[in-house]
Amino acid sequence: MRFNDDSTYCDTAGATAGCDSDCAVIDGWYCEGGSYTDPDSCYELCGDDYNWGALECDDVGTSLDGCSSSCEVEDGWYCRLDGYETPDVLDTASTAAHDCFEICGDGKDFSEFGCDDGNSYDNDGCDSDCVIELGWGCAGGNSMTADSCYEICGDDYDMRMLGCDDGNSA
């Protein structure tokens, strides 16, 4: 039998993450496991759209959007605090939710970009910002496979992949 059956009360032998100095559980945390001789252990809640720093990310517990239902960053994504899209911005503990962004150039296409061919080269159909370049088409990518890019025939742009391109399909 657990000593602490009231989820709003905790005793961690002093104020710690999740438990304040008045032995109250802090919003966004749960505490359990205490006994008459052992303190409670507190854990951050996953899926409540808040991150106090103990989780990799937290975006309400959905998957396939960069942050898994177990609050881990999914492969092919990076997550930052609300309002920061660049991966070089430091991610610190906060009550803010996380926004997750698809990684460009890793060869995994989750449809956030026009294309992802698995590199950061320009002039190959999919540029370094994962935008389809003029005169090209890209398709076939998914969460496991990079897009393949091909020169569009008949658009009057000669990318030197076809014999010629005079602006018609004949």
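FYI, it's all coordinate maths here, none of it is from the lab. From a predicted model like this one, the values you see are computed outputs, not experimental measurements. So basically every Cβ, Gly included, is an ideal-geometry build from the backbone, and we count neighbours across all protein chains shown.
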### Query
At MET144 and ASP124, where each label point lies 7 Å from the Cα along Cα→Cβ, what is the point-to-point distance in nanometres?
2.3 nm
### Summary
Output ordering of 33-46, 115-128 (per-residue mean of other Cβ within 10 Å, highest first) is 115-128, 33-46
### Task
Determine, from the Cβ-Cβ distance of SER41 and ASP75 and an R0 of 45 Å, the FRET efficiency 1/(1 + (r/R0)^6), rounded to the nearest 0.05.
0.95
